[in-house]
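K.L.:
There's a structure below that I have some questions on.
The values are calculated or read from the model by the stated rules, or taken from the named source; none is laboratory data. Just so we're clear, the structure is a prediction, and the values are computed from it rather than from any experiment. When we count neighbours, we look across all protein chains shown, and the Cβ atoms used for this are built from the backbone with ideal geometry, even at glycine.
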């Protein structure tokens, strides 16, 4: 079962309370206050897990709670801090505050962690309140409450290429030919009720991830059909591939409608690079010409047939080249956005001509800084 949304309650642990205690030693009747601090309450994190593909686990477990910290003890012993709770999610998951809708963060790769509920700080023991005029304090602090809230988890699949088209455009069949994925294929609309991912391998270590998105109909951006439920999965693809069957009654109108739905859903998604694939090429008579469509901004147009294999090899290579160009463009963009950090002049070390000599640096001075 493919679950891409879940709302869960997260509760961080309360910090342990500080202790009110006085030292009791033989031959030392007035040892003074020695109450220790309370331990920190456990926090709740969300972590990316490459072994997960859906949010199914959160349908059955809707409350994640961390333990509280231990209380402080005498002899200035600090209570033990509680263990953190980690919620595993598939990469591509957004985390939002369910009450306000504010974005908390998004997990984009395995091992990435995001704090969703911070554990409470432990309270101070009475040893902290001793002064020259108040030598036997009995004051202590309770631990702070842990953070508690409801969070919404929204999974958006991470793929290089997203196949977009109306129902029965041939998306699932094409995915089954390009990759080892085996989506459900039938001759009725809305056969695909959930997104499917497939890895298209080209040999020599080359591979890209292709996503088959359920059929988009007019009004999908308003929630019609499967609408908004699955349009979100196209957001993180690098390239969009629009499929228009050659036997469609009006191929140009179908393509224009698909572009309109994408534009109305997200302006950023509309600006993504895209290609036009004329599917079901084998249905054309031998003497019939492939329809010519107006597709401004399309990187290229290709007629293919998943049934006969016509144009599939060319499609593989062209998709690979386009995805590689987008990957490199994203790397360059990320490199430009990270400014180089220059150390202040007082922190810079100037070395002499002799590589064996340099300024005298004391370890103690560095530790003090």
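K.L.:
Can you list residue pairs whose Cβ atoms sit under 6 Å apart, with the first residue in the stretch 48-59 being over 10 Å from residue 91 (Cα atoms) and the second being at pLDDT below 85 and crowded, with 17+ Cβ neighbours inside 10 Å? Count only pairs 6 or more apart in sequence or on different chains.
P.N.:
55/155
K.L.:
Determine which member of the set 224, 280 is modelled with pLDDT under 80 and farther than 24 Å from residue 328 by Cα.
P.N.:
On the way: 280 fails: modelled with pLDDT under 80.
Every option except 224 fails the conditions.
K.L.:
Sticking with this structure for a sec: Among the candidates 319, 276, which residue alone is in contact with a strand residue (DSSP E or B) (Cβ under 7 Å, 6 or more places away or on another chain), surrounded by 14 or more Cβ atoms within 10 Å (Cβ to Cβ) and touching a residue at least 60 places away in the same chain (Cβ under 8 Å)? Explain how you work it out, then say what you get.
P.N.:
Numbers: 276 fails: touching a residue at least 60 places away in the same chain (Cβ under 8 Å).
Answer to the check: 319.
K.L.:
Next up: Looking at the stretch 283-316, which of its residues are over 20 Å from residue 179 (Cβ atoms) and at pLDDT 85 or above?
P.N.:
292, 293, 294, 295, 296, 297, 298, 299, 300, 301, 303
One line per residue, one yes/no per condition, for (1) modelled with pLDDT of 95 or more; (2) more than 35 Å from the chain's Cα centre (by Cα); (3) within 26 Å of residue 39 (Cα to Cα); (4) in a helix (DSSP H, G or I):
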{"position": "95", "(1), (2), (3), (4)": "no, no, no, no"}
{"position": "101", "(1), (2), (3), (4)": "no, no, no, no"}
{"position": "105", "(1), (2), (3), (4)": "no, no, no, no"}
{"position": "127", "(1), (2), (3), (4)": "no, yes, yes, yes"}
{"position": "136", "(1), (2), (3), (4)": "no, yes, yes, no"}
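K.L.:
Just to be sure I understand, how many residues within the stretch 15-49 are closer than 19 Å to residue 73 by Cβ and under 34 Å from the mean Cα position of the chain (by Cα)?
P.N.:
So the answer is 5.
K.L.:
Is it true that some residue in the stretch 125-145 is under 27 Å from residue 7 (Cα atoms), touching a residue at least 12 places away in the same chain (Cβ under 8 Å) and either touching a helix residue (DSSP H, G or I) at 6+ places or on another chain (Cβ under 7 Å) or assigned by TED's automatic domain parsing to the domain that holds residue 86 (or both)? Steps first, answer last, please.
P.N.:
Within the stretch 125-145, the first condition is being under 27 Å from residue 7 (Cα atoms), and the residues that meet it are 144-145.
Now drop any that are not touching a residue at least 12 places away in the same chain (Cβ under 8 Å), which leaves 144-145.
Restricting the remaining residues to those that are either touching a helix residue (DSSP H, G or I) at 6+ places or on another chain (Cβ under 7 Å) or assigned by TED's automatic domain parsing to the domain that holds residue 86 (or both) gives 144-145.
Yes, there is a match, as at least one residue in the stretch 125-145 is under 27 Å from residue 7 (Cα atoms), touching a residue at least 12 places away in the same chain (Cβ under 8 Å) and either touching a helix residue (DSSP H, G or I) at 6+ places or on another chain (Cβ under 7 Å) or assigned by TED's automatic domain parsing to the domain that holds residue 86 (or both).
K.L.:
Now for a different question. Kindly evaluate residue 152 against the criterion of being at pLDDT 90 or above, in contact with a helix residue (DSSP H, G or I) (Cβ under 9 Å, 6 or more places away or on another chain) and either in a loop (DSSP other than H, G, I, E, B) or surrounded by fewer than 19 Cβ atoms within 10 Å (Cβ to Cβ) (or both).
P.N.:
Answer is no for this residue.
K.L.:
Restricting the stretch 246-257 to residues that are within 22 Å of residue 282 (Cβ to Cβ) and not in a loop (DSSP other than H, G, I, E, B), which is nearest to the chain's Cα centre (by Cα)?
P.N.:
Once the filter is applied, the top-ranked residue is 255.
K.L.:
Please work out if residue 268 is out of contact with any helix residue (DSSP H, G or I) (no Cβ under 6 Å at 6 or more places or on another chain) and not in a helix (DSSP H, G or I).
P.N.:
Criteria not met by residue 268.
K.L.:
Check off (1) under 30 Å from residue 108 (Cβ atoms); (2) surrounded by fewer than 16 Cβ atoms within 10 Å (Cβ to Cβ); (3) touching a residue at least 12 places away in the same chain (Cβ under 8 Å) for residue 307 and give me the number that stays unchecked.
P.N.:
Condition (1) is where residue 307 drops out.
K.L.:
For residue 271, only one of the following conditions fails: (1) touching a residue at least 24 places away in the same chain (Cβ under 8 Å); (2) within 32 Å of the chain's Cα centre (by Cα). What is its number?
P.N.:
(1)
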